[in-house]
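Written out below as structure tokens is the structure these notes cover.
Read-outs throughout are calculated quantities, based only on the coordinates presented, and are distinct from any laboratory measurement. Note that the structure is a prediction, hence the values are computed from the model and not measured. Cβ coordinates were reconstructed from backbone atoms using ideal geometry, including for glycine residues, and neighbour counts include every protein chain displayed.
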Amino acid sequence: GNSVTQMEGPVTLSEEAFLTINCTYTATGYPSLFWYVQYPGEGLQLLLKATKADDKGSNKGFEATYRKETTSFHLEKGSVQVSDSAVYFCALESGNQFYFGTGTSLTVIP
Amino acid sequence: GAVVSQHPSRVICKSGTSVKIECRSLDFQATTMFWYRQFPKQSLMLMATSNEGSKATYEQGVEKDKFLINHASLTLSTLTVTSAHPEDSSFYICSARRPAGEQFFGPGTRLTVL
């Protein structure tokens, strides 16, 4: 079946620190992979996506590479800001259906 | 990007009443809309998939008589929580899919049942 496992939080970092949030998946077929961000009290916003192996999604300084050999899609950012504090969800889409990870809460302190 | 709206954003109701939540795709026609539920500090759980003009398909464990879904047009789907109870309190998020396949999420509706 399809599932997503992502690193449990919460994660607390100082401003300008390096961020990695791990995400691995199991899937039948060839899924698309996504990272969504949810700010407090709001819905999901698409952060980045990759639709095939070796694709790299990037947006607002965040990056993630679709690694088929390790079934991973880890989220990285070189220098986080206070405004990046949010919950991050890894997700896969297969057969027009989404499967989400449990979310990782990130807090960036000045 | 495409916009999906939800109304209301927050609702508080008494136990036993029914609550309707609207999901609209504002600038595209959505062939399919999805309803998710999110418990505090947890991920989104798909509740049901609705296609315009046909009955919704519910996920296992979701009571279709409790959570009524109507997809009356290509831009509007409604979720009605009937006879709401405190355990129905949650964050409900819809998403809408373009015919080309890309899916967009609404901002969510916070339901609190007293």
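Going by C-beta contacts inside 10 Å, put B:His85, B:His71, A:His74 in order with the fewest on the left.
With the sparsest Cβ surroundings first, the list reads B:His85, A:His74, B:His71.
Against the 2.2 N^0.38 Å scaling, with N counting residues, where does region A:1-68 land? I'd like the Cα-based Rg ratio to two decimal places.
1.20
Using only the alpha-carbon atoms of region A:28-110 as identical scatterers, what base-10 log of I(q)/I(0) does the Debye formula give at q = 0.23, 0.24, 0.25, 0.26 Å⁻¹?
Log10 of I(q)/I(0), two decimals: -1.14, -1.22, -1.30, -1.37.
Tell me the volume per residue, in Å³, of the convex hull enclosing the alpha carbons of region B:1-49.
Values: hull volume 6.0 nm³, N = 49.
Expressed per residue, the convex hull around the Cα atoms of region B:1-49 is 122 Å³.
Counting only the backbone N, which residues of region B:94-114 are under 15 Å from the spot 7 Å out from the Cα of B:Asn51 toward its beta-carbon?
What the label zone holds, given the 15 Å backbone N cut-off, is B:97-101.
Which ³J(HN,Hα) values in Hz, rounded to whole numbers, follow from the phi angles of region A:39-46 under the Karplus curve 6.51 cos²θ - 1.76 cosθ + 1.60, where θ = phi - 60° and Gly and Pro get x?
Listing the rounded values in order: 7, x, x, 10, x, 7, 10, 5 Hz.
Tally Lys and Arg at +1 and Asp and Glu at -1 over the other residues with C-beta under 11 Å from the C-beta of B:Gly106: what net charge comes out? Kindly include the intermediate steps, with their values, before the conclusion.
On the way: positive: B:Arg24; negative: A:Glu42, B:Glu22.
Net charge around B:Gly106: -1.
Which value, in debye to the nearest 20, gives the size of the charge dipole of region B:1-78 about its Cα centre, when Lys and Arg are +1 and Asp and Glu are -1 at the Cβ?
With only Lys, Arg, Asp and Glu charged at Cβ, the dipole is about 320 debye.
Return an integer: the convex hull volume of the alpha-carbon atoms of the protein assembly as shown, in Å³ per residue.
So the per-residue hull volume is 121 Å³.
Give the residue list of GluC sites (Glu not before Pro) in region A:18-110 that are DSSP loop and have at most 16 other beta-carbon atoms within 10 angstrom.
A:Glu42, A:Glu69
At a threshold of 8 angstrom on Cα-Cα distance, excluding pairs fewer than six apart, so keeping six or more, what relative contact order does chain B reach in percent? Write down the numbers at each step before the final one.
Numbers: 287 pairs, mean separation 42.2, N = 114.
After rounding, I find 37 percent.
Give the cysteines in chain B for which no other Cys Cβ lies under 4.7 Å away, or write none if there are none.
Unpaired cysteines in chain B: B:Cys13.
Hey, fewest Cβ within 10 Å first, where do B:Arg10, B:Arg37 land in order?
Placing the least packed residue first, the sequence is B:Arg10, B:Arg37.
Loop only by DSSP, 11 or fewer other Cβ within 10 Å of the Cβ. Give me the GluC sites (Glu not before Pro) in region B:1-98 that pass, ordered by residue number.
Sites meeting the loop and neighbour criteria: B:Glu63.
In what order do A:Asp55, B:Asp27, B:Asp65, A:Asp84 fall by count of nearby beta-carbon atoms within 10 Å, going from fewest to most?
On the way: A:Asp55 15, B:Asp27 11, B:Asp65 8, A:Asp84 20.
Ranked by crowding around the Cβ, least crowded first: B:Asp65, B:Asp27, A:Asp55, A:Asp84.
Calculate the dipole size of the protein assembly as shown relative to its Cα centre from +1 charges on Lys and Arg beta carbons and -1 charges on Asp and Glu beta carbons; express the result in debye to the nearest 20.
Computed about the Cα centre, the dipole is about 440 debye.
Can you list the lysines whose alpha carbon is less than 18 Å from that of A:Lys49, not counting same-chain residues fewer than 8 positions off?
A:Lys60, A:Lys68, A:Lys77
When we measure straight from the Cα of B:Lys14, which aspartates and glutamates land under 15 angstrom away, once same-chain ones fewer than 8 places off are left out?
B:Glu87, B:Asp88
If you build the Cα gyration tensor of chain B and take the root of 5 times each eigenvalue, what three semi-axes come out, in whole angstrom, biggest first? Working shown, then result.
Values: eigenvalues 100, 41, 33 Å².
Listed largest to smallest, the semi-axes of chain B are 22, 14, 13 Å.
Mind listing which trypsin sites (Lys or Arg not before Pro) in region B:49-108 are in a DSSP loop and have 12 or fewer other Cβ atoms within 10 Å?
When the trypsin sites (Lys or Arg not before Pro) of region B:49-108 are filtered for loop state and at most 12 Cβ neighbours within 10 Å, B:Lys55 remain.
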